[in-house]
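The values are calculated or read from the model by the stated rules, or taken from the named source; none is laboratory data. Keep in mind it's a predicted model, so treat the numbers as computed, not measured. Neighbour counts run over all protein chains shown; Cβ positions are idealised from the backbone, glycine included.
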Amino acid sequence: MAHLDRLSGNEAVAVAMRQIDPDVMGAFPITPSTEIPQYFAQYVADGLVHTELVTVESEHSSMSVCMGAAAAGGRAISATSSAGLALMYELLYVAASSRLPIVLAVSTRALSGPININNDHSDAMGARDAGWIQIYAENNQEVYDNYVQAFPIAETPEVRLPVMICQDGFITSHAVENIELLEDEEVKGFVGEYNPEHYLLNSREPLAVGPYDVTHYYMEHKKQEAEAMKNAKAAILEQARRFEALTGRKYGFFEEYRMEDAEEAIVVIGSTAGTAKATVDMLRAEGRKVGLVKVRVFRPFPGEELARALKHCRAVAVMDKSEGFSACGGPLFAETRSALYDLESRPKLINIVYGLGGRDVSTKDIAAVYDRLHHLAQTGQVGEVYTHMGVREEV
């Protein structure tokens, strides 16, 4: 029987961690994810979990702890943000290529420099090609639900890849919302026991983890890793199906909001989707055919599915809360544009980079995006494809 509580996003993650009761946590603080290991450390001190909490000198070391624990056959967790995730960068690749099903909570934050502690997606997006599954949340309920589903996805034998559960720093990590929590036994039953097939502590099977991979083997192993990411799509949907059966809450690769007859649509990730939904409702009341696609799963990227969702639109704006520095747009735009390439009839597409370093976005801002899309749909004139929203005019 589920029960209601009022929790911040960081608290919600820590509660999910407690309910799962993992074997090891590698912990090092960094704003805005610091509260997660703080709350979890209290659970350890109170004897509510059996987890070995390892406090270390850096985020690089916290991921090293997780890798050792996962290689030994345990469930391992950590939490980080921004420069902390960047400091783990080398090990993110090693964890994924070693097929270690670690779960990392990321309260996303701008990545230096200049130094900024507020939200955008530059940290998680910077790690998008490291081989980790990436799942993003709009609100506190979703980050809790995503975390509960993470280990069953990661531990699927055909997958065995680490997972980042991402939420918007401060916006959801610190804001308090009413959310519905599962009972501890329900979570334990959903996640199940972890029985790895191969692990270092199995004396009957000598095993090397992370050895030097010579030319004759490296590419084959990378292909296996790539196939595992493809397999993750089925695992994500299977766990979403199980979770819906347990809770009634439905998840997929993305959420389509009022897209049934939408002619103009926005594609976005994270908490901005809530602001955009309010804008869609406002414009729908005026008779405009607008909609929204909120991407939940960024890795593996649901390209074919997203193309089907957008194919009937006349104009689409992809909104990136991260600068790609590619000179032609942000990472979500690049992926979405590529996904639409094979459509015989494609919508006109623009990219808007917004919200960097915590720059606010309002319903008025989102409405202006839809106004631009409407003009584009009516005239066919795209204009400048790649633009930044909310930048102060130069004096």
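Apart from one condition, S78 fits all of (1) in a loop (DSSP other than H, G, I, E, B); (2) touching a Ser or Thr at 6+ places or on another chain (Cβ under 9 Å); (3) closer than 29 Å to T156 by Cβ; the exception is (1). Being outside any strand (DSSP E or B) and not assigned by TED's automatic domain parsing to the domain that holds S81 is a property that A339 has.
Yes or no: region 350-365 includes at least one residue that is closer than 20 Å to E256 by Cα, assigned by TED's automatic domain parsing to the domain that holds E263, among the charged types (D, E, K, R) and in contact with a helix residue (DSSP H, G or I) (Cβ under 9 Å, 6 or more places away or on another chain). Working first, answer last.
Taking region 350-365 first, the residues closer than 20 Å to E256 by Cα are 350-352, 363.
Now drop any that are not assigned by TED's automatic domain parsing to the domain that holds E263, which leaves 350-352, 363.
With the extra rule that they be among the charged types (D, E, K, R), the set shrinks to none.
No - not one qualifying residue is present in region 350-365.
Close contacts from region 34-45, counting a first residue that is over 12 Å from S107 (Cα atoms) and in a helix (DSSP H, G or I) and a second that is among the basic types (K, R) and modelled with pLDDT of 95 or more, with Cβ to Cβ under 8 Å and a gap of 6+ residues or different chains, come to F40/R18; Y43/R18. Evaluated against (1) assigned to a loop (DSSP other than H, G, I, E, B); (2) in contact with a Phe, Trp or Tyr (Cβ under 8 Å, 6 or more places away or on another chain); (3) aromatic (F, W, Y), F243 falls short on exactly one condition, (1). Scanning region 123-162 for residues that are closer than 25 Å to A83 by Cβ and touching an Asp or Glu at 6+ places or on another chain (Cβ under 7 Å) yields G131, N140. One residue stands out among those in region 347-368 that are surrounded by 16 or more Cβ atoms within 10 Å (Cβ to Cβ) and among the charged types (D, E, K, R): the one that is nearest to the chain's Cα centre (by Cα), which is R359. The set of residues in region 281-291 that are in contact (Cβ under 8 Å) with a residue 40 or more places away in the chain and assigned to a helix (DSSP H, G or I) comprises M282, L283. For region 81-128, filtering for residues that are assigned to a helix (DSSP H, G or I) and of a type outside the set (V, I, T) leaves 19. Among the numbered conditions (1) over 21 Å from P302 (Cβ atoms); (2) out of contact with any Gly (no Cβ under 7 Å at 6 or more places or on another chain), the only one that D365 does not meet is (2). Please go through region 339-388 and pick out each residue that is within 16 Å of S322 (Cβ to Cβ), touching a residue at least 60 places away in the same chain (Cβ under 8 Å) and aliphatic (A, V, I, L, M). Within region 339-388, L356, V361 qualify. Residue count for region 225-252 satisfying the condition of being surrounded by 15 or more Cβ atoms within 10 Å (Cβ to Cβ) and small (G, A, S): 5. Are any residues in region 299-330 acidic (D, E) and surrounded by fewer than 21 Cβ atoms within 10 Å (Cβ to Cβ), and if so, which ones? Once the filter is applied, which keeps residues that are acidic (D, E) and surrounded by fewer than 21 Cβ atoms within 10 Å (Cβ to Cβ), region 299-330 yields E304, E305, E323.
Tell me the residue from S64, S97, S58 that is closer than 19 Å to A232 by Cβ and surrounded by fewer than 24 Cβ atoms within 10 Å (Cβ to Cβ), please. Even if it seems obvious, please write down each step before you answer.
Values: S64 fails: closer than 19 Å to A232 by Cβ; S58 fails: closer than 19 Å to A232 by Cβ.
Of S64, S97, S58, the one residue that is closer than 19 Å to A232 by Cβ and surrounded by fewer than 24 Cβ atoms within 10 Å (Cβ to Cβ) is S97.
This table checks each residue for (1) within 16 Å of V316 (Cβ to Cβ); (2) within 19 Å of the chain's Cα centre (by Cα).
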{"position": "T247", "(1), (2)": "no, no"}
{"position": "F254", "(1), (2)": "yes, yes"}
{"position": "V267", "(1), (2)": "yes, yes"}
{"position": "S271", "(1), (2)": "no, yes"}
{"position": "G274", "(1), (2)": "no, yes"}
{"position": "K277", "(1), (2)": "no, no"}
{"position": "K289", "(1), (2)": "yes, no"}
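Could we say that V268 is surrounded by 14 or more Cβ atoms within 10 Å (Cβ to Cβ) and either farther than 30 Å from L332 by Cβ or without any contact (Cβ under 8 Å) to a residue 40 or more places away in the chain (or both) here? No; evaluated as a whole, the condition is false for this residue. If only residues of region 1-33 that are of a type in the set (A, V, I, L, M, F, W, C) and assigned to a strand (DSSP E or B) are counted, the one that is farthest from A86 (Cα to Cα) is L4.
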